[in-house]
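The values are calculated or read from the model by the stated rules, or taken from the named source; none is laboratory data. Since we're looking at a predicted model, the values are computed, not measured. Every residue, glycine as well, gets a Cβ built from its backbone with ideal geometry; the counts of neighbours run over all protein chains shown. Surface areas here come from the heavy atoms of the whole protein model, side chains and all, with no ligands, DNA or RNA. Shrake-Rupley method; radii C 1.70, N 1.55, O 1.52, S 1.80 Å.
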Amino acid sequence: MTNAFHNPALAAFLDALAAELTVAQVRVRRTADGFELRHEADDRAADGDLRPLSVAELCALATHADNGAFRPLRAAPNLRRGWRCKVGDAAELELALNRLYPGFLADWFAALTPPPPVTNYRPFVERQTGMYRLAAKLNDAQAAQTIRACCHARFCLKRRLWTVAGLAPDPPTAKSMIPCLEPCALLLEFARKSMRLEQEEKMTVDLSPSDLRSVLAALDWAAQHPPPDLREADFADAANPRRLRRVAEKLRARLPAETAGQNPDERDE
Ligand code: SF4
């Protein structure tokens with residue numbers, strides 16, 4: 001078993017934990033006989049109302065959302081509720097956290113010492129081969145729109161520490177304590193699709209700023225109400241919420257500066 005005192009990341013986490021701590025959507029608490037994990041939204045639920053899960057069962061919990069959909073990103077904000085997991089010691093706690101948020105402890109610990117060991121967008125995409133080389137063709141503004149859309153808090157609770165020119169990292173208070181140190185496979189696939197969309201022949205649509213704001217409001221609504229059978233990583237589907245958000249990013253950039261702040265799409269940012 002892992003010994004907390006031989007694992008600096010775990011030891012640092014136990015120091016930070018104190019009595020309780022929230023990791024993305026999971027509340028971790030010290031108890032008289034170890035630790036307890038549950039969904040943060042179940043914070044006040046009676047123990048008897050929650051299904052007891054073993055550490056091994058957390059894997060299945062994290063794999064699928066409530067509607068049965070596969071969760072390609074474990075840090076997506078759709079972890080299922082209604083469970084609690086009791087663990088007896090720090091080594092089991094580490095296992096439990098890694099089942100729910102793989103790599104969290106190591107990444108969090110690595111990011112504690114500045115500068116964090118990030119791989120920014122350009123060096124990451126420049127080392128890609130095959131069909132993913134396309135992601136390197138996005139210019140900085142297109143890459144920033146793609147990243148803002150893909151990594152939005154509605155889709156992922158990791159705090160992005162890597163950047164591309166013109167796009168700041170997420171601020172320290174953003175999203176959660178789970179850092180994102182380099183683009184993930186989903187981002188890479190989305191960037192590839194984004195470049196494919198950029199390569200299509202463009203058309204011109206005349207819209208007043210007010211009409212554009214209506215379109216933005218519609219996109220925002222549609223992004224929050226995706227078709228129930230749509231797979232999160234299916235970027236070929238025009239209704240994919242990340243694609244809608246990317247279009248919103250592009251349209252918002254076209255709004256006159258003095259009216260851009262009226263865009264309802266920005267209310268939750
Ligand atoms: S690249 Fe973006 S979507 Fe992927 S894990 Fe990092 S923050 Fe989340």
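³J(HN,Hα) across segment 186-191 via Karplus (A = 6.51, B = -1.76, C = 1.60, θ = phi - 60°), whole Hz, x for Gly/Pro?
5, 4, 4, 5, 5, 5
How much of the DSSP bridge set in segment 4-110 is antiparallel, in percent, rounded to the nearest 5?
90
Can you tell me the FRET efficiency between residue 20 and residue 67 if r is taken as the Cβ-Cβ distance and R0 is 35 Å, rounded to the nearest 0.05?
The computed FRET efficiency comes out at 0.75.
Which GluC sites (Glu not before Pro) does segment 166-242 hold that lie in a coil by DSSP with at most 11 other beta carbons within 10 Å?
Of the GluC sites (Glu not before Pro), the ones in loops of segment 166-242 whose Cβ has at most 11 other Cβ atoms within 10 Å are 200, 201.
Rounded to the nearest whole Å², what accessible area per residue is found for the chain with the 1.4 Å probe?
Solvent-accessible surface per residue comes out at 51 Å².
Which angle from 0 to 90°, rounded to the nearest 10, does the C-alpha axis of helix 241-252 make with the longest principal axis of the chain?
50
Please identify the trypsin sites (Lys or Arg not before Pro) of segment 25-74 that satisfy two criteria: DSSP loop assignment and at most 13 other Cβ atoms within 10 Å. Which are they?
44
Would you list which aspartates and glutamates come within 12 Å of residue 158, measuring only between C-alpha atoms, while excluding same-chain residues fewer than 8 positions from it?
Within the straight-line cut-off, residue 158 pairs with 107, 170, 182.
Would you kindly give the portion of the calculated P(r) for the chain that falls above 24 Å, as a percent of all Cα pairs?
55
With the Cα gyration tensor of segment 4-110 giving a ≥ b ≥ c as the square roots of its eigenvalues, does the rule (a/c under 1.5 for rounded; else a/b larger than b/c for prolate; else oblate) give rounded, prolate or oblate?
Verdict is oblate for segment 4-110.
So what are the three principal axis dimensions of segment 76-166 from its Cα atoms, in whole Å, longest to shortest?
Per principal axis, max minus min of the Cα coordinates gives 50, 30, 27 Å.
Quick one: 3J(HN,Hα) in Hz for segment 199-216, Karplus 6.51/-1.76/1.60 with θ = phi - 60°, rounded, Gly and Pro as x.
So the Karplus estimates, Gly and Pro as x, are 6, 5, 5, 8, 10, 9, 10, 8, 9, 6, x, 5, 4, 4, 5, 5, 4, 5 Hz.
How big is the Kirkwood radius of segment 176-236, worked out from every pair of different alpha carbons and given in Å to one decimal?
With all distinct Cα pairs of segment 176-236 included, I get 14.8 Å.
If you keep only loop residues by DSSP, which GluC sites (Glu not before Pro) in segment 1-108 have at most 13 other Cβ atoms within 10 Å of their Cβ?
none
So, in Å, what gap is there between the alpha-carbon centers of segment 193-232 and segment 31-97?
Cα centres, segment 193-232 to segment 31-97: 35 Å.
Once the Cα atoms of helix 8-17 and of the chain are each reduced to a long axis, what angle between those two axes, in degrees from 0 to 90 to the nearest 10, is obtained?
Once rounded, one gets 90 degrees.
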